[in-house]
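The values are calculated or read from the model by the stated rules, or taken from the named source; none is laboratory data. A quick note: this is a predicted structure, and the numbers were derived from the prediction, not measured. No Cβ is skipped: glycine too gets one built from the backbone with ideal geometry, and neighbour counts run over all protein chains shown. Heads up: the accessible areas ignore ligands, DNA and RNA and are worked out on the full protein's heavy atoms, side chains in. Shrake-Rupley method; radii C 1.70, N 1.55, O 1.52, S 1.80 Å.
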Amino acid sequence: MTIEQHITKLAKSAVQALYNAEVDEAQVVLQKTRPEFEGNITLVVFSFAKQARKAPQVIASEIGEWFMANGNGLISKYNAVQGFLNLCISDSFWVEQLEQIDQDADYGRQADRNQLMMVEYSSPNTNKPLHLGHVRNNLLGYSIAQIQEANGWKVVKTNIVNDRGIHICKSMLAWLKYGNGETPESSGKKGDHLIGDYYVRFDKEYKKQISELMSQGKDEESAKKEAPLILEAQEMLRKWEANDPEIRALWAKMNEWVYAGFDETYRRMGVSFDKIYYESNTYLEGKSEVEKGLANGQFYRREDGSVWADLTKDGLDEKLLLRSDGTSVYMTQDIGTAKLRFQDYPIDKMVYVVGNEQEYHFKVLSILLDRLGFPFGKELVHFSYGMVELPNGKMKSREGTVVDADDLMDKMVEDAKEISKDKVNTLQGVTEEEANEIARKVGMGALKYFILKVDPRKNMLFNPEESIDFNGNTGPFIQYTFARIQSVLRKAESSPASSVSIKQLEEKELTLIQRLCEYPVVVRTAGDNFSPAVICNYAYDLACEFNSFYHDLSILNEKDEQKRALRLLLAKNVAKVLRSAMGLLGIEMPERM
């Protein structure tokens, strides 16, 4: 039972005993005691005035006295300030809380809700490798899934691969024209990187053709539409949708190269999926639903044959659903994917982890699904996050100026190796293989923490050098704190006892126990707000509190056996909670650094 639950139960009993009245839990308002007053937690008594028929100051004093007499030693002292009862919790209670934390293997996890949440993230295109923007998407999506599981949801992690469309045809066409049969094996490149190179090549050649047409007197807009390459790509898309066997065979071969590359990147990133959907399998479902909507008068067809939805009554504009040549758009695919997902799973909440530039898209999707009669339409959640920006500007995949996810991960791990070489008396007695594994955990931990610690709804500037710092609010700082604790525990002659008889706590000990007690509320808050940053901030604060405690108080050299036992128990559970919190972020914790 948490301290809040204890106080709530006592408050209800006090009102019943003192004023012969009943109050429900909603009337028991608790808050953290303001720093200018002595106390750990404050009971706000204004809501009891009607039952007590007394001034708030009097009520606070009377309840405080009742707590002292009937609280079984929970309250050591109190002070009443107007309608606020500031309570000092006894040290013995905090020691009991620490012992309960130690005995709870799943500390911080909430009760099972018996509800299913599907979290969609990643959503790559098979015409290019994953880049820094995908990194933020994947890390947010995976962490949100972990946090919601800790909050009692059954979570299905899902991905929709955009494996069809004009952008895919651009890479295919460029490979046919300029590839000379190049493969991942012949080039030594990952498949996604190889295909990405041809996407860039298409754009380069396409721009050349646009310039040539403009030099012949065409305006830019006409040149873009009439360039031979774009016309060939559009024809390839039509053939693909008509199931042309040669085009389909080429598409399947090139996509397999890309999937193999994606799988390797996901593995290194430490993210996974329970179910993967492919646009090539869902877009026809979407077209079918659009055609039904057209027949029912939900949508309309223009003179050029394209199909549109009129959303002006919803405060939006008109939305294209099928092009004039009958080919699909992203919205069509998302309608079909949503339909299939709700057929496959008993979803209670559907969460899309997609950048904030797609907010309009998901507003439209929700309205269209509702119009088509799907009951889940209005309940979709778009987890909208900000973009990752770089010191030298935005990324452009067509121009090949993106920060590649694989290159970024390589750099982070190499930086971690270089930093570890500069540390004195570290990693002694470990093999090269073990040192490389530690560097991998530290480098990836630095990357993940730096990205996840930012409020997800804000744009962020990524700086690799800042992220790998062993000081300040970084992943390596928290990992180092964890490794320090593991070193202390290894040096202890025996495992920490699960209970201690000490009743008087040092201030640093008390502060650290109180911080540990906050963890379940932090997990709940992070889940309610879909915010890994809440977990990051807590883990950093906990690590700082431990380092302050470690600096001021001896552990292994403490002569008093009970104090030594308490501090070892504290260290053990700080490490447990740090591992749990960082695990919710997808960050591994090295035993040694």
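Some notes on this structure:
- Helix-only arithmetic for the chain: the sum of -39500 (n - 2.57) across DSSP H runs with n ≥ 4, divided by the residue total, places the mean residue ellipticity at 222 nm at -18000 deg cm²/dmol.
- Relative contact order, whole percent, for the stretch 62-204 stands at 21, derived from Cα pairs under 8 Å and 6 or more residues apart.
- Candidate lysines - alpha carbon under 23 Å from Lys313, same-chain residues fewer than 8 apart omitted: Lys292, Lys363, Lys378
- Hydrodynamic radius of the stretch 152-259 by the Kirkwood approach over all distinct alpha-carbon pairs: 15.4 Å.
- Assigned charges on the beta-carbon of Lys, Arg, Asp, Glu; the stretch 219-325 dipole about Cα centre (debye): 400
- Partners of Lys128 within straight-line reach, counting lysines whose Cα lies under 16 Å from its Cα and excluding those fewer than 8 residues away in the same chain: Lys170, Lys189, Lys190, Lys204, Lys253, Lys396.
- Bins of 5 Å from zero: percent of alpha-carbon pairs in the stretch 289-338: 5, 21, 30, 29, 13, 2
- Within the stretch 34-80, trypsin sites (Lys or Arg not before Pro) in DSSP loop having at most 15 other beta-carbon neighbours inside 10 Å: Arg53
- Here the average projected area of the convex hull drawn through the C-alpha atoms of the stretch 48-172 stands at 14.6 nm².
- Amide H contacts of Arg457 (H built 1.01 Å from N, in plane; Pro and chain starts excluded): Gly386 sit under 5 Å, all sequence-distant by 5 or more or on other chains.
- Working ranking of peptides 141-149, 545-553 by packing, defined as the average number of other Cβ atoms within 10 Å per residue, highest first, is 141-149, 545-553.
- Angle of helix 405-422 to the longest C-alpha principal axis of the chain, folded into 0 to 90 degrees and rounded to 10: 40°.
- Surface composition of the chain: carbon and sulfur atoms hold 46% of the protein heavy-atom accessible area at a 1.4 Å probe.
- As an equivalent ellipsoid, the chain spans semi-axes of 55, 33, 18 angstrom, where each value is the square root of five times an eigenvalue of the C-alpha gyration tensor, largest first.
- In the stretch 482-539, Rg over Rh equals 1.08, where Rg is the alpha-carbon radius of gyration and Rh the Kirkwood radius from pairwise Cα distances.
- Listed by chain and number, the lysines whose alpha-carbon sits under 27 Å from that of Lys12, ignoring those within fewer than 8 places in the same chain, are Lys32, Lys50, Lys54, Lys77.
- ³J(HN,Hα) computed for each position of the stretch 46-61 - Karplus, 6.51 cos²θ - 1.76 cosθ + 1.60, integer Hz, glycine/proline x: 4, 5, 9, 4, 5, 6, 7, 6, 9, 5, x, 4, 5, 4, 4, 5
- Per residue, the convex hull spanned by the Cα atoms of the stretch 507-593 amounts to 93 cubic angstrom.
- Taking Cα atoms only, the orientation of helix 519-528 departs from the longest principal axis of the chain by about 30 degrees.
- Translational diffusion of the stretch 1-105, estimated by Stokes-Einstein from the Kirkwood radius over alpha carbon pairs at 37 °C in a medium of 0.692 mPa s, is 235 µm² per second.
- Among beta bridges that DSSP assigns inside the chain, antiparallel share in %, nearest 5: 50
- Length-normalised contact order for the stretch 70-112 - Cα pairs under 8 Å, 6+ apart - percent: 28
- For the stretch 66-134, convex hull volume per residue from C-alpha positions, Å³: 276
- The stretch 409-515: projected area of the alpha-carbon convex hull, averaged over directions, in nm²: 9.9
- Charge dipole of the chain (Cα centre as origin; +1 on each Lys and Arg Cβ, -1 on each Asp and Glu Cβ, all else neutral): 540 debye, rounded to the nearest 20.
- Of interest is the spacing of the C-alpha centroids, which for the stretch 491-510 and the stretch 305-370 amounts to 57 Å.
- Low-density loop cleavage sites - trypsin sites (Lys or Arg not before Pro) in the stretch 282-383, where at most 14 other Cβ are within 10 Å (DSSP): Arg302
- Under-5 Å amide H pairs with Gly152, H placed in peptide plane, nonlocal only: Gln110
- Shown for the stretch 161-211 is the translational diffusion coefficient from the Stokes-Einstein equation, using the Kirkwood radius over Cα pairs, a temperature of 37 °C and a viscosity of 0.692 mPa s: 288 µm²/s.
- With respect to the chain, whose longest principal axis is taken over its alpha-carbon atoms, helix 228-241 is tilted by about 70°.
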